[in-house]
1. Based on Cα positions only, what radius of gyration and what Dmax would you give for segment A:118-248, in angstroms?
2. Which order, highest average first, do A:147-153, A:33-39, B:176-182 follow once you tally other Cβ atoms within 10 Å for each residue and take the mean per peptide?
3. Which three lengths, in whole Å and largest first, does chain A cover when its Cα atoms are put on their principal axes?
4. Which listed residue (B:84, B:121, B:161) has the Cα farthest towards the positive end of the charge dipole for chain B, taking +1 on Lys and Arg C-beta and -1 on Asp and Glu C-beta about the Cα centre?
5. Residue by residue through A:167-176, how many Cβ atoms from other chains fall within 10 Å of the Cβ on average?
6. Mind ranking A:43-55, A:165-177, B:156-168, A:201-213 by how tightly packed they are, going by the mean number of other C-beta atoms within 10 angstrom, highest first?
7. Wrap a convex hull around the Cα atoms of the protein assembly as shown, take a quarter of its surface area, and give that in square nanometres.
8. What ranking do A:102, A:8, B:58 get, fewest neighbouring Cβ atoms within 10 angstrom at the top?
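Bear in mind these aren't lab numbers, they're just calculated from the coordinates by the rules spelled out. Because the structure is predicted, anything quoted here is derived from the model rather than measured. Here the Cβ positions follow ideal geometry from the backbone for every residue, glycine too, while neighbour counts run over all protein chains shown.
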Amino acid sequence: MNLKLRVWRQKDASKAGKIEEYEAKNINPHMSFLEMLDVVNEGLAQNGVEPIAFDSDCREGICGMCSLVINGIPHGPDRGTATCQLHMRKFKDGDTITIEPWRAKAFPVVKDLVTDRSAFDRIIQAGGFVSVNTGCAPEANAIPIGKHLADPAMDAAACIGCGACVAACKNASAMLFVAAKVSHLALLPQGQVEKAARVQKMVAAMDREQFGNCTNQFECEAACPKEISVSFISKMNQEYLKAFKGDIL
Amino acid sequence: MSNFLKSSVGRKSVMAVTGLLLFGFVIIHMIGNLQLFLGQDALNDYAKHLVEMPLLLWPARVVLLAILVTHIFVSMSLAKENRVARPVRYTQGATIQASYASRTMVMSGIIIFLFIVYHLLHFTFGKIQPQFYDQLDAEGRKDVYGMIVYGFQNIYVSGAYVTAMAVLCFHLSHGLQSLFQSLGLRSNALAPLLKKMAVGLSLFIFIGNTSIPLSILLGFVRMPGVGR
């Protein structure tokens, strides 16, 4: 396959970036999108051009490191798939593909297509955990958890924290990420004690990072490589209102 | 409480509650208006009763205005933050599943606000078409029926009302389902039902309210004793 790439190039956070055009020639349709970029970068390096910087790690769709907004859609056109699992056969020979970084004030560009997603880490630090006394590992079956709770908790826990929800949101809101983390712990018995304080702290941390506000358009759910449901946002809103119940009423 | 009202989630719940209350008013207002079809006597009688209850009417007006102002100001603060949250926009944007109505809520909201101003100037303050405003009926009551019938016989005035109702219907089709999500009441099981309910109620409002100017324009409703 031969493709035309329009790629966002930006030296660092302080410099202005712009779209540059590159040719991707002799691309094997069985390559992943990232492998295609590796091939393009090899060519650029040989010609003395600075290779395109992009994030990747496991390349098997579970680490949440890869990103890229491909033709306006985070992780590209394939639903429920991270960029590393997106194959070039999803494109047609001769296509022009536009590649941009996640766009959000809270995710500043580090270089080219690499963004700083540490805002998510700070949200987790604010309350995305369960406090336990250290010691021996507890007996695994000591706390029985019903399937009706374990299943949705696992669905929420599938979030890999890639930030596609923010990138896809018309308002760069982080509600789906925060909701997945809040719901995951709020559903399990271990998360009950800190439930109210957790949702308050995590929403406050999210707002501090200057993510936008949810307008219930559900672009996040459609872009999520793990197909996390927006019903968790409803769940988080409910937890938040419950946490402030005493103050409101 | 102040933390709650400063937070994104808290303000979204304020949008949901004020939106729901405003929708409640739209329903009540429509039921009141539809008494036009019961004839001049019934409508003018209803209007007379309303203004004869100032202790009910004025607090209702003040509360309603406060709800509307809250809805507008909170939406402005949220929308402003949303713009700030993405300083550099995508050179090639895309929409995966967001509805057109959901993407134009601010615009439809502004149009509805302008319509409210126009509507108040028209029927509440009598600044538009003042010739129909201060007429009395045979029994000496304010002739609200005549004001509406003569008013809507003007195709431009009717057209403005029908257009505004289409925009309102559009705004409600997103708002009425969105509010359940903001209040934490939506689940995947309920989602299809909420969507149908929102679209159904929006159409109900559109058909109910536009039936008034349309039946007047088409001559189904006219002044008593006037032939076609």
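1. In Å, with Rg to one decimal and Dmax whole: 14.8, 46.
2. Ranked by mean Cβ neighbours within 10 Å, highest first: B:176-182, A:33-39, A:147-153.
3. Result, largest extent first: 62, 38, 35 Å.
4. Result: B:84.
5. Averaged over the peptide's residues, the number is 5.
6. Ranked from most to least packed, the peptides come out as A:165-177, A:201-213, B:156-168, A:43-55.
7. Projected area, direction-averaged: 29.9 nm².
8. B:58, A:8, A:102
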